Amino acid sequence: MTTINGLPAHILLVHAIVVLLPLSAVLVLLTAVWPAARARLALSNLVLSLVTLALVPLTTDAGEWLIARVPRSAALHEHAQAGENAIYAAIPVAVVAAVIFARTREWGAKILAPSSTVVTAVVMVLATLAAGGACYDIYLIGDSGARAAWVGKYSSEPHPRKS
């Protein structure tokens with residue numbers, strides 16, 4: 001995927017990742033620590049985290065297409081390197097979401113012991129690490145992308161307008 005409605009696909013897809021990955025991460029943490037949320041949101045969060053996981057390579061590929069069509073810079077290189085790590089943030093979120101979902105189902109309960117406080121504690125720790133890592137990674141990627149796109153490309157003064 002290279003363009004959407006005449007615009008580079010990357011600049012549109014990236015907005016989905018910026019919203020959906022942190023949302024999935026927060027929901028993973030919420031469903032790990034709050035049983036009522038787990039009962040209601042485990043399936044939704046699994047679907048959301050898998051959709052987000054699928055969007056990451058699409059967004060990265062669209063970014064590689066775009067990077068070949070814009071002037072190179074150190075900031076752009078930094079953003080591209082950071083963006084390649086997004087998949088490593090999305091995978092743990094999806095895996096923990098799958099574990100949480102499986103623990104809510106009869107077939108998964110046999111393996112993942114939903115009543116075990118030790119397993120629950122381990123899932124909570126993994127959810128915290130996955131969520132924190134994903135949110136921090138998205139912050140780093142977004143910050144480097146914003147710097148690559150905007151530093152030196154706007155004025156601190158308002159543009160004079162003709163009446």
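FYI, it's all coordinate maths here, none of it is from the lab. Every value quoted in this text rests on a predicted model; they were computed, and no experiment measured them. Backbone-built Cβ (ideal geometry, glycine too); neighbour counts: all protein chains shown.
Condition test on Leu29, is it closer than 29 Å to Ala121 by Cβ, free of Cβ contacts under 8 Å to residues at least 60 places away in the same chain and not basic (Lys, Arg)? It is false that Leu29 is closer than 29 Å to Ala121 by Cβ, free of Cβ contacts under 8 Å to residues at least 60 places away in the same chain and not basic (Lys, Arg). When the helices (runs of 4 or more DSSP H) confined to segment 1-102 are screened for residues that are among the acidic types (Asp, Glu), those reaching at least 2 such residues are found at 35-67. Could you say whether any residue in segment 39-48 is of a type in the set (Val, Ile, Thr), closer than 30 Å to Thr104 by Cα and either touching a Cys at 6+ places or on another chain (Cβ under 6 Å) or touching a residue at least 24 places away in the same chain (Cβ under 8 Å) (or both)? Checking segment 39-48: not a single residue is of a type in the set (Val, Ile, Thr), closer than 30 Å to Thr104 by Cα and either touching a Cys at 6+ places or on another chain (Cβ under 6 Å) or touching a residue at least 24 places away in the same chain (Cβ under 8 Å) (or both). Considering only segment 94-150, state which residues are over 30 Å from Gly83 (Cβ atoms) and basic (Lys, Arg). Arg103, Arg105, Lys110, listed by residue number. Yes or no: Ala36 under 17 Å from Leu140 (Cα atoms), surrounded by fewer than 19 Cβ atoms within 10 Å (Cβ to Cβ) and either more than 11 Å from the chain's Cα centre (by Cα) or among the small types (Gly, Ala, Ser) (or both)? So Ala36 does not fit the description; no.
Scanning segment 129-161 for residues that are more than 19 Å from Leu53 (Cβ to Cβ), in contact (Cβ under 8 Å) with a residue 60 or more places away in the chain and surrounded by 13 or more Cβ atoms within 10 Å (Cβ to Cβ) gives Ser144, Gly145, Arg147, Ala148.
Among the conditions (1) of a type in the set (Val, Ile, Thr); (2) surrounded by fewer than 19 Cβ atoms within 10 Å (Cβ to Cβ); (3) without any contact (Cβ under 8 Å) to a residue 40 or more places away in the chain, Val99 misses just one, which is (2). Pairs, please: C-beta under 8 Å, at least 6 apart or cross-chain, first residue surrounded by 10 or more Cβ atoms within 10 Å (Cβ to Cβ) and in segment 106-125, second among the aromatic types (Phe, Trp, Tyr)? If the second residue must be among the aromatic types (Phe, Trp, Tyr), the pairs left are Gly108/Phe101.
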